[in-house]
Amino acid sequence: MKTLFSVPAMLLVAALTAAASDTPPAGPFTLPELPYAYDALEPHIDAKTMEIHHNKHHAAYVNNANKALAGNEDLSKMSVWDLVAHLDEVPDEIRTTLRNNAGGHANHSLFWLMMKPGGGGRPSGELAGAIDENFGSYEEFQKEFSAAAMKVFGSGWAWLSITPDGEMVIETTPNQDNPMMNGGTPLLGLDVWEHAYYLKNQNRRADYVDAWWNVVDWDYVAGRYAEAKKD
């Protein structure tokens, strides 16, 4: 039987097929652009880590969440924030997938905004007062938050958050869980998955945590705190 394509044509078809298979699935979620360049947080967080973290890991969470939502119009109409806050409404067969991937999308969408070039320093205003009131001082808060980040076993996050009762706390979550899943409001979050730091720091998580304080966007965190107080 004669082939329908010449060798070059067959290669072209194969290439087009491969390209089509790499096309992100349609769905309600999209990968947000970073508000700064990949190298903007150097020397504290390197450009290659930021590129892979955003363009590979975050993109994968978006794509996997969209795949899981295919054919579910009601859930697809929900924002990612509402979805992770109401996982009890998600069918059992896709709940874990969305917990991990919609959770990853939500967490990273916040994480990029919680950092900025030339960040760091200390909070001010009402946020600074609340931190002093709840932890004694900014220095004590920073010490406790860093210790929490270091104690996360395996992959997860450290958070400064507001509980449903209005208490400001430091907490940790495994994998891509976040305080919204328990009715809380995240103010500041630190990703301590190895993909967030391993290219630059290898197993030295402490170096990554120390460096990260230099890029925290306290203005953004203060804005989240002000919004949380209104609720």
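Summary table below
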| read-out | value |
| --- | --- |
| Top-ranked residue in the stretch 86-100 [being surrounded by 14 or more Cβ atoms within 10 Å (Cβ to Cβ) and over 22 Å from residue 163 (Cβ atoms); ranked as nearest to the chain's Cα centre (by Cα)] | 100 |
| Filtered residue count, the stretch 118-136, keeping only those that are touching a strand residue (DSSP E or B) at 6+ places or on another chain (Cβ under 9 Å) and closer than 14 Å to residue 160 by Cβ | 7 |
| Those helices (runs of 4 or more DSSP H) lying entirely in the stretch 14-119 with at least 3 residues closer than 21 Å to residue 193 by Cβ | 47-52, 59-69, 80-85, 92-113 |
| Single residue of the stretch 168-187 satisfying the filter (more than 17 Å from residue 111 (Cα to Cα) and either in contact with a Gly (Cβ under 9 Å, 6 or more places away or on another chain) or touching a residue at least 24 places away in the same chain (Cβ under 8 Å) (or both)) that is surrounded by the fewest Cβ atoms within 10 Å (Cβ to Cβ) | 183 |
| Some residue of the stretch 130-149 being in contact (Cβ under 8 Å) with a residue 40 or more places away in the chain and of a type in the set (Phe, Trp, Tyr) | yes |
| Single match in 212, 218 (criterion: buried (at least 22 other Cβ atoms within 10 Å of the Cβ) and out of contact with any Phe, Trp or Tyr (no Cβ under 7 Å at 6 or more places or on another chain)) | 212 |
| Number of the exception - residue 74 against (1) surrounded by 14 or more Cβ atoms within 10 Å (Cβ to Cβ); (2) of a type in the set (Asp, Glu); (3) over 29 Å from residue 210 (Cβ atoms) | (1) |
| Sole residue being buried (at least 20 other Cβ atoms within 10 Å of the Cβ), within 30 Å of residue 212 (Cα to Cα), at pLDDT 95 or above and aliphatic (A, V, I, L, M), chosen from 69, 83, 113 | 83 |
| Answer from 158, 147 - the residue that is part of a helix (DSSP H, G or I) and either of a type in the set (Gly, Ala, Ser) or surrounded by 14 or more Cβ atoms within 10 Å (Cβ to Cβ) (or both) | 147 |
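Listed here are the residues, each with its yes/no results for (1) touching a Lys or Arg at 6+ places or on another chain (Cβ under 6 Å); (2) within 28 Å of residue 31 (Cβ to Cβ); (3) small (Gly, Ala, Ser).
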| position | (1), (2), (3) |
| --- | --- |
| 88 | no, yes, no |
| 138 | yes, no, no |
| 147 | no, no, yes |
| 167 | no, no, no |
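This table checks each residue for (1) within 18 Å of the chain's Cα centre (by Cα); (2) modelled with pLDDT of 95 or more.
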residue	(1), (2)
171	yes, yes
175	yes, yes
189	yes, yes
192	yes, yes
200	no, yes
205	yes, yes
226	no, yes
229	no, no
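The values are calculated or read from the model by the stated rules, or taken from the named source; none is laboratory data. Worth saying up front: this structure is predicted, and the values here are computed from it rather than measured. So basically every Cβ, Gly included, is an ideal-geometry build from the backbone, and we count neighbours across all protein chains shown.
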